[in-house]
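All remarks here apply to the structure that follows.
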């Protein structure tokens with residue numbers, strides 16, 4: 001799912017270049033960042049999440065005994081090396097973004113740093129990874145002259161995805177409480193967290209989108225992405241007025257489609273403005 005925003009960002013950055021050369025170039029940041037690096041980060045994270053996973057996700061390979069933690073750790077580092085070598089062969093800027101994502105992913109889980117154990121640093125880390133590095137990388141790869149447009153889009157992506165990371169805290173609350181991890185859900189409760197999510201996932205990106213269009217930084221047709229923000233508001237408002245852990249988990253799954261939909265609608269808007 002993480003590859004879809006990168007795909008549509010790349011299409012916008014390339015001017016919708018559907019030639020064989022353009023598609024091969026676009027496929028590389030998707031494969032490196034969204035498959036190799038993200039897969040390695042998820043595996044690395046599981047090595048250090050066994051206490052929470054015993055409560056929240058007992059069927060995962062390491063917790064269930066199907067995979068040794070040392071094997072997962074070694075495989076993660078091997079994939080990190082593969083991603084760094086591959087990205088360097090493609091473009092120095094892609095190498096820099098790949099290295100940044102790897103560092104961020106390690107810091108997110110490593111016990112000495114453990115960004116995920118603080119609500120604010122967890123939002124920042126995931127927002128930077130999913131909201132900035134992945135969708136911005138194609139803009140830097142295809143054209144430096146239009147990278148600022150990608151940066152504007154990345155700001156909206158950062159805020160949106162930083163907000164949606166709280167959904168996992170609804171689902172993981174039992175394990176987080178047992179491990180004394182101070183997420184917003186644990187410390188401030190569900191309703192406060194949902195209000196924060198509405199601010200970050202709807203009102204801030206909607207305001208930025210309107211301002212960017214008004215200042216002619218993005219095409220008018222980019223406002224089509226506002227449909228996604230309206231749908232996001234409906235999901236969060238429904239959960240706010242009738243909360244249950246089951247509904248929260250459903251909302252968590254829905255947002256996996258709403259985030260890429262935002263980039264897809266932006267791409268349609270860019271294509272329609274040409």
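Averaging the Cα positions of each part gives two centres, and for segment 181-225 and segment 59-110 these lie 30 Å apart. Residue exposure proxy: 167, 184, ordered by other Cβ atoms within 10 angstrom of their Cβ from fewest to most, comes out as 184, 167.
Size descriptors for segment 1-111, from the alpha-carbon set: Rg then Dmax equal 16.1, 48 Å. Across 39, 150, 105, mean-square fluctuation computed from a Gaussian network of the chain (C-alpha pairs under 10 Å connected) peaks at 39. Given R₀ = 51 Å, what would the calculated FRET efficiency be for residue 211 paired with residue 247, taking r from the Cβ atoms and rounding to 0.05? With a Förster radius of 51 Å, E is 0.95. Fewest-first ordering of 1, 156 by other beta carbons within 10 Å of each residue's beta carbon gives 1, 156.
Each residue, residue 17 and residue 180, gets one label point 7 Å from its Cα in the Cβ direction; the gap between the two is 5.4 nm.
How many times 2.2 N^0.38 Å is the alpha carbon radius of gyration of segment 163-258? The value comes to 1.21.
Look at 200, 134, 12 and count the other Cβ atoms within 10 Å of each Cβ; fewest to most, that gives 200, 12, 134.
Based on DSSP H segments of at least four residues, each scored -39500 (n - 2.57), the chain has a per-residue ellipticity at 222 nm of -22000 deg cm²/dmol.
Values in this text are rule-based calculations from the coordinates and carry no lab data. All figures in this text were calculated on a predicted structure; none of them were measured in a lab. Glycine gets a Cβ as well: all are built from the backbone with ideal geometry, and neighbour counts include every protein chain shown.
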